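The values are calculated or read from the model by the stated rules, or taken from the named source; none is laboratory data. Owing to the predicted nature of the structure, the values given are computational and were not obtained by experimental measurement. The protein model used for the area step is the full one, side chains on, heavy atoms only, and it has no ligands, DNA or RNA in it. Shrake-Rupley method; radii C 1.70, N 1.55, O 1.52, S 1.80 Å.
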Amino acid sequence: MPSPRTIIGILVGGGPAPGINSVISAATIRGILGGCDVLGILDGFKWLMEGSGGKVRPLLIEDVSRLHFCGGSYIGTSRANPTKTAELLDRVLSTLAQLGLTRLITIGGDDTAFSAFKVEERSAGRIQVVHVPKTIDNDLDLPNGIPTFGFQTARHVGVGIVKNLMVDAQATARWYFVVTMGRKAGHLALGIGKAAGATVTIIPEEFTERPVKLRRLVDVLIGVIIKSLDGGRADGVAVLAEGLIEIVDSQDLRGLEQIERDEHGHLRLSEIDLGDLLRREVTKGLKDLGLSVSIVSKNVGYELRCADPIPYDIEYTRDLGYCASQYVLDGGTAAMVSIQDGRFTPIPFKQMLDPGTGRAKVRMVDIGSQSYQTARQYMIRLTEEDFNDPDRLSRCAALAGLSPAAFRTRFSGIG
């Protein structure tokens, strides 16, 4: 039997991120203290889409009061997409009605945000919906300087991993190609690479002309290695955003069409080993130039998603969870939670949509910003200054077994 009290439902969509449990905890406590019952909906929209109302977990204060220290998701998560058809949306709404739910808090990234928007729109006022922005990719369209929760913890853990790889690279005179998560934007790769002081970080946003030939990416990395060798270093770490694979010319990626896609139509990037692809192509390219360099590829992604949140993300997510519950308690709906200048600021769902695609907007790295330009200054990359310095140009060309003119022709303007 439905509870005589108002019921708030909480669900999580998309990949895990540090701080999910903290949002669940804070939202549950505020909801209960506000006079509501709280249900955790297991595995995102998955079971709601199947009409199954039994996959829920009543949430009590004593169950969640210490969850904020823990990574993972107490109520699971999935990438199930209810926006594929109107029938699925109606089934979700019917199942929520069977459960007696009139208020829903969703936690997730851009796909879950879009699903929340569509559920609220389809409900025509029958259910209040508020979304809490979560992704280690940091690519939801929040105001500049405001991270999505989980990003800071993922960067923190990622920096520790890259730092260890930098020590190993120096000790063994080898290179590491480290691929980090970031389907569309390079925030996480750049945040890790810049903070760790990696040799170079390469992100999709720096390539304005699309698609990008695989040879260009390979030559960027070969150029970095040659410049490092000229500087007396046979080791280094390159941090690469996984989203690079989506901008590479598909003609250069044999068999890419066979890669599976997820519920939202995205390539399953975990099935494409970008690091190993570049390792093989760069090794071959160096060999053709008469250079032998040891390169190891390393994917850094799943290690970051379920890490215990650092205090920054714990505090941040407790604010977000509290504000999400308070918003629906106050009658609010159809908005994403944000904290701006220390104050709760709801962002209406309709403002989140890209008018061109009809999907949730994606926040990209601003390559014109001072922050990005500072990061570039500390990277080892071939620049126009190198080509305008006759001595350096000659040295680098000699390392590659090329004439200065041939070296300039191949590597000038690669980015």
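Annotations for the structure displayed:
- Tilt relative to the chain, helix 311-329 - C-alpha long axis, 0 to 90 degrees, to 10: 40
- Kirkwood hydrodynamic radius over Cα pairs of the range 273-393, then Stokes diffusion coefficient at 37 °C and 0.692 mPa s, in µm²/s: 163
- Among beta bridges identified by DSSP and lying wholly in the chain, the antiparallel ones come to about 25 percent.
- When all protein chains stay in place and ligands, DNA and RNA are ignored, the 1.4 Å accessible-area order of CYS36, CYS306, largest first, is CYS306, CYS36.
- HN-Hα J in Hz across the range 376-386 - Karplus 6.51, -1.76, 1.60, θ = phi - 60°, x for Gly and Pro: 4, 5, 9, 8, 9, 9, 5, 10, 4, 4, 5
- Each residue of the range 405-410 was assigned a 3J(HN,Hα) from its phi angle through the Karplus curve 6.51 cos²θ - 1.76 cosθ + 1.60 (θ = phi - 60°); the sequence is 5, 5, 5, 4, 4, 7 Hz, with glycine and proline shown as x.
- By accessible area with a 1.4 Å probe, ligands and nucleic acids excluded, highest first: order of LYS194, LYS350: LYS350, LYS194
- Helix 187-196 axis versus longest C-alpha principal axis of the chain: approximately 60°, rounded to the nearest ten.
- Cross-link table LYS194/LYS284; LYS134/LYS163; LYS55/LYS84; LYS184/LYS287, entries beyond 24 Å C-alpha to C-alpha: LYS194/LYS284; LYS134/LYS163; LYS184/LYS287
- Alpha-carbon centroid distance for the pair the range 83-112 / the range 190-257, whole angstrom: 40
- Each residue was assigned an accessible area with a 1.4 Å probe, and for ASP141 the value is about 60 Å².
- Computed Rg/Rh of the chain, alpha carbon atoms with Kirkwood Rh: 1.05
- Per residue, the chain reaches -12500 deg cm²/dmol at 222 nm when only DSSP H runs of four or more residues are counted, each adding -39500 (n - 2.57).
- Percent accessible area from carbon and sulfur atoms, the chain, protein chains only, probe 1.4 Å: 49
- Cut-off under 5 Å, modelled amide H: who pairs with VAL237 long-range: TYR176, THR199, VAL200
- Rolling a 1.4 Å probe over the protein heavy atoms leaves GLU303 with an accessible area of roughly 80 Å².
- Under 5 Å from the amide H of LEU104 lie the amide H atoms of GLY9, GLN128, VAL129, VAL130, each residue being 5 or more positions distant or on a separate chain, with H modelled from the backbone and absent for Pro and chain starts.
- Helix 214-230 vs. the chain, principal-axis angle (Cα, 0 to 90°, nearest 10): 60
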